[in-house]
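J.: Here it is, the structure, as structure tokens.
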Amino acid sequence: MTYDAGHWFVGLAGNLMQGESKVTGIGLANLIQPRKVVTTAGVRMLERKLTLSAQWISFAANTDVPVGYVPATSGDLLNFYLAYNPTPDIALNFSVDNALNKYYRPYAIPGSSSDGTTQNDVLFSSPGPGITFKGGMRIHFGGA
């Protein structure tokens, strides 16, 4: 749900998904999104040409996985967004995702042996992205 008052806005979203194998009754290791809550808040300034917002995402670990899998981790992420439209034909945006550079593994990963350890290449390639900076620009040339 979202409430937009024009000069400010807030939002709240959530996800609760569960799944298990009908054959074994054990939870699924993939295809299941983590349980999460997402909150967003922002303001519009300079005659609505500048938008600043922040987003907090909190998610729980999926620990109901088959034997031999390393469970996902829980975590909290903080994201920031900025959008600036100096004219109707120019739009600039910038964002910082995972601003606190938190380690998290959004999905369970397969182990490589019966003791539950993983192959290092799978373990090291499975975390979610660390701090990520993004920027963009859109310029409209010509007529309407």
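The values are calculated or read from the model by the stated rules, or taken from the named source; none is laboratory data. No experiment lies behind these values; they were computed from the predicted model shown. With ideal geometry, Cβ positions are generated from the backbone for all residues, glycine too; neighbour counts draw on all protein chains shown.
J.: What strands (runs of 3 or more DSSP E) lie completely within the stretch 1-105 and have 1 or more residues being under 23 Å from Lys134 (Cβ atoms) and under 17 Å from the mean Cα position of the chain (by Cα)?
T.: Details: elements: 2-4, 8-15, 36-45, 50-59, 75-87, 90-97.
Fully inside the stretch 1-105 and qualifying: 8-15, 36-45, 50-59, 75-87, 90-97.
J.: Just for the stretch 69-109: of the residues that are in contact with a Phe, Trp or Tyr (Cβ under 9 Å, 6 or more places away or on another chain) and of a type in the set (S, T, N, Q), which one is farthest from Ile26 (Cα to Cα)?
T.: This residue is Asn93.
J.: For residues in the stretch 1-32 being exposed (fewer than 11 other Cβ atoms within 10 Å of the Cβ) and hydrophobic (A, V, I, L, M, F, W, C), which is farthest from Ala54 (Cα to Cα)?
T.: Here the answer is Val23.
J.: Moving on. Residue check: is Ala99 surrounded by 11 or more Cβ atoms within 10 Å (Cβ to Cβ) and either modelled with pLDDT of 95 or more or over 25 Å from Gly6 (Cβ atoms) (or both)?
T.: Against the criterion (surrounded by 11 or more Cβ atoms within 10 Å (Cβ to Cβ) and either modelled with pLDDT of 95 or more or over 25 Å from Gly6 (Cβ atoms) (or both)), Ala99 qualifies.
J.: Among the residues that make up the stretch 117-129, is at least one of them modelled with pLDDT under 80, closer than 20 Å to Glu20 by Cβ and either in contact with a Ser or Thr (Cβ under 7 Å, 6 or more places away or on another chain) or part of a strand (DSSP E or B) (or both)?
T.: Within the stretch 117-129 (the criterion being modelled with pLDDT under 80, closer than 20 Å to Glu20 by Cβ and either in contact with a Ser or Thr (Cβ under 7 Å, 6 or more places away or on another chain) or part of a strand (DSSP E or B) (or both)), the answer is no, since none of the residues qualifies.
J.: Quick one: would you say Ala72 is under 22 Å from Ile139 (Cβ atoms), surrounded by 17 or more Cβ atoms within 10 Å (Cβ to Cβ) and without any contact (Cβ under 8 Å) to a residue 40 or more places away in the chain?
T.: no
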